[in-house]
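These notes concern the structure reproduced below.
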């Protein structure tokens, strides 16, 4: 996979990544629904060593449904979440797939918290279903 850049809505904050994502996932937890303003979140995780952040960012720490901490980094100008790190996985950086604005981005391979999935939503049969 070629190098990619994810950015906020105003372009002030961006993160460059190299290589393929370790995982692309869909999360239906209530926190991801609130974080994205959508019915679910889709994120790609990359090794931290394969990322480079440019611009300034604020940080919001939240406790997830599982009790773990997540540090979401967002643009202080437009408010877009551009990346986050889960304390339990400090060597990985999660990036909302929408921040890449790339319709050709690889599809998710796993879906989490499906007990909170909206009833109208359907996913491909080849995706791994967790929880």
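Nothing in this text is a laboratory measurement; each read-out follows from the coordinates by a stated rule. As the structure is a prediction and not an experimental result, all values here were calculated from the model. Here the Cβ is made from the backbone with ideal geometry for all residues, glycine too, and neighbour counts use every protein chain on show.
Data table
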read-out	value
Shape box of the chain [Cα atoms, principal axes, largest first, Å]	38, 31, 27
DSSP bridge orientation in the chain - percent antiparallel, rounded to nearest 5	85
Tensor-based shape of segment 51-94 (alpha-carbon gyration tensor, a/c under 1.5 rounded, otherwise prolate or oblate)	oblate
Alpha-carbon centroid distance for the pair segment 85-131 / segment 46-70, whole angstrom	16
Net lengthening on full extension, residue 107/residue 61 (0.36 nm per residue, minus Cα-Cα)	13.8 nm
Residue 114-residue 127 pseudo-label distance in nm [points 7 Å out on the Cα-to-Cβ vector]	1.0
Label-point separation in nm, residue 86 to residue 22, each point 7 Å along Cα→Cβ	1.0
Helix-only [θ]222 nm of the chain, DSSP H runs n ≥ 4, -39500 (n - 2.57) each, per residue, nearest 500	-1500 deg cm²/dmol
